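The values are calculated or read from the model by the stated rules, or taken from the named source; none is laboratory data. All figures in this text were calculated on a predicted structure; none of them were measured in a lab. Reconstructed Cβ throughout: ideal geometry from the backbone, glycine too, with neighbour counts over all protein chains shown.
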Amino acid sequence: MSLVNDMLENLARRQARDAAAGAPVLADLRPVPSQRVALALRRAALALALVAAGALPTGLWAQRRGEPDLPRDVAAAPAAPAGLDAIPVPASHAASLPSPPAPRAPEPEESVWLDARHAATLDLLGEPPPAPAPSVSKTQRPPTAAEQATRAHREALAALERGEAETASDLLQGALALDPSHTAARRTLVVLRTRQGALAEARTLAEAGLARDPHQPGLAKLLARVLVEQGAIPEALQQLERSAPPVASDPEHHAFRAALHQRLGQHARAALLYQEALRVERGHGAWWMGLGISLEAEGRRDEARRVYRMARAAGGLAEPASRWVVERLDALEEPS
């Protein structure tokens with residue numbers, strides 16, 4: 001290191017000057033522990049490097065760390081004149097020169113400081129290190145009643161897939177107890193009770209749901225089916241008329257209305273509703289058959305015959321309905 005060489009050269013010059021004056025060599029020097037000098041030199045060199053890089057103000061390292069600075073006579077030594085390295089040192093003085101301290105491994109604390117140079121520089125400059133990100137504790141909230149009802153409904157559907165109707169019934173009742181406005185759970189329970197033949201309970205469940213929210217066409221359609229099973233056709237039709245959605249969004253609802261008008265003998269109205277539903281979805285053989293029945297009842301034989309043919313072409317009819325359509329076609333082919 002150039003700093004160590006300058007120290008040795010300055011020391012050699014002083015020894016030569018003192019020897020010429022008759023003074024004992026090194027008489028006025030105070031010994032400094034070699035390890036402390038080596039440590040101070042290394043830290044001074046590192047501080048100088050940081051100063052040169054613009055990261056550390058001069059003199060701040062020694063003040064900040066609280067370490068002893070270089071000996072005053074070494075620190076105040078004048079700069080060596082140019083070409084001093086080429087002047088030979090007398091052998092008599094060279095023997096008495098102190099040998100440079102042996103290099104040693106940096107202490108653990110110093111190694112850490114050297115490896116974390118940037119962080120140490122910030123510390124020396126008085127800049128606080130970046131604060132750690134605040135820890136966010138995530139507390140899991142308990143599920144709401146609506147969420148619990150939804151989970152119970154999913155479990156009920158899984159139980160129905162396994163054929164466990166009683167388990168499904170208990171789960172659905174529990175879901176409605178948690179959230180009476182859970183429409184999906186209510187509709188599933190109405191269907192289950194209808195299939196089990198418990199029509200009175202199914203009707204009560206559907207009417208209670210519509211009392212809470214009348215704008216539920218799906219639930220109204222289920223109630224109408226229950227009423228049809230009970231033979232209350234006018235009440236069922238009234239329920240469907242009250243909750244009828246646009247035909248484009250639910251053509252089945254309007255086809256159901258057409259079937260009830262047909263049951264009540266209102267064939268003109270039934271034919272009109274069937275035609276509206278078939279304009280949206282033409283692939284329903286049962287709707288074509290219903291339209292043919294009302295057209296035939298209205299005396300529109302040619303139209304009915306064409307519609308029955310459409311019913312056969314659309315398919316999807318049960319075997320008894322398919323045979324009935326064939327019979328009506330044969331009858332309409334005969335001259336009236």
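Being at pLDDT below 95, under 39 Å from the mean Cα position of the chain (by Cα) and part of a helix (DSSP H, G or I) is the requirement here; does GLY174 meet it? Break it down stepwise before answering.
Details: at pLDDT below 95: no; under 39 Å from the mean Cα position of the chain (by Cα): yes; part of a helix (DSSP H, G or I): yes.
Criteria not met by GLY174.
Kindly list, by first and then second residue, each pair from a residue in the range 163-187 that is of a type in the set (S, T, N, Q) to a residue that is assigned to a loop (DSSP other than H, G, I, E, B) and at pLDDT below 95, limited to pairs with Cβ atoms under 7 Å and residues at least 6 apart or on different chains.
Sorted first by the residue in the range 163-187, then by its partner, the pairs are THR183/GLN216.
Being surrounded by fewer than 22 Cβ atoms within 10 Å (Cβ to Cβ), of a type in the set (Lys, Arg) and more than 51 Å from the chain's Cα centre (by Cα) is the requirement here; does ARG282 meet it? Outline the logic, then answer.
Values: surrounded by fewer than 22 Cβ atoms within 10 Å (Cβ to Cβ): yes; of a type in the set (Lys, Arg): yes; more than 51 Å from the chain's Cα centre (by Cα): no.
It is false that ARG282 is surrounded by fewer than 22 Cβ atoms within 10 Å (Cβ to Cβ), of a type in the set (Lys, Arg) and more than 51 Å from the chain's Cα centre (by Cα).
Give me the helices (runs of 4 or more DSSP H) completely within the range 187-304, filtered to those with at least 3 residues that are within 30 Å of GLU166 (Cα to Cα) and of a type in the set (Gly, Ala, Ser), ordered by residue number.
Passing ranges, in order: 199-212, 217-229.
Can you name the residue in the range 173-202 that is surrounded by 21 or more Cβ atoms within 10 Å (Cβ to Cβ) and of a type in the set (D, E, K, R) and, of all such residues, is farthest from LEU157 (Cα to Cα)?
Among those residues, the one meeting the criterion is ARG193.
Looking only at the range 286-318, which residues are under 25 Å from PRO245 (Cβ atoms) and either polar (S, T, N, Q) or at pLDDT below 95 (or both)?
Scanning the range 286-318 gives SER294, ALA314, GLY316.
Please pick out the residue among HIS267, HIS261 that is in contact with a Ser or Thr (Cβ under 8 Å, 6 or more places away or on another chain) and either among the hydroxyl-bearing types (Ser, Thr, Tyr) or more than 20 Å from SER322 (Cβ to Cβ) (or both).
None of the other options fit; the residue is HIS267.
Considering the range 244-265 alone, what residues qualify as being over 52 Å from the mean Cα position of the chain (by Cα), at negative phi and either surrounded by fewer than 17 Cβ atoms within 10 Å (Cβ to Cβ) or in contact (Cβ under 8 Å) with a residue 60 or more places away in the chain (or both)?
Within the range 244-265, the first condition is being over 52 Å from the mean Cα position of the chain (by Cα), and the residues that meet it are 262-265.
Going one step further and asking which of them are at negative phi, we end up with 262-264.
ARG263, LEU264 - these are the residues of the range 244-265 that are over 52 Å from the mean Cα position of the chain (by Cα), at negative phi and either surrounded by fewer than 17 Cβ atoms within 10 Å (Cβ to Cβ) or in contact (Cβ under 8 Å) with a residue 60 or more places away in the chain (or both).
GLU147 is checked against (1) of a type outside the set (Gly, Ala, Ser); (2) surrounded by 14 or more Cβ atoms within 10 Å (Cβ to Cβ); (3) part of a helix (DSSP H, G or I) and fails just one. What number does that condition carry?
(2)
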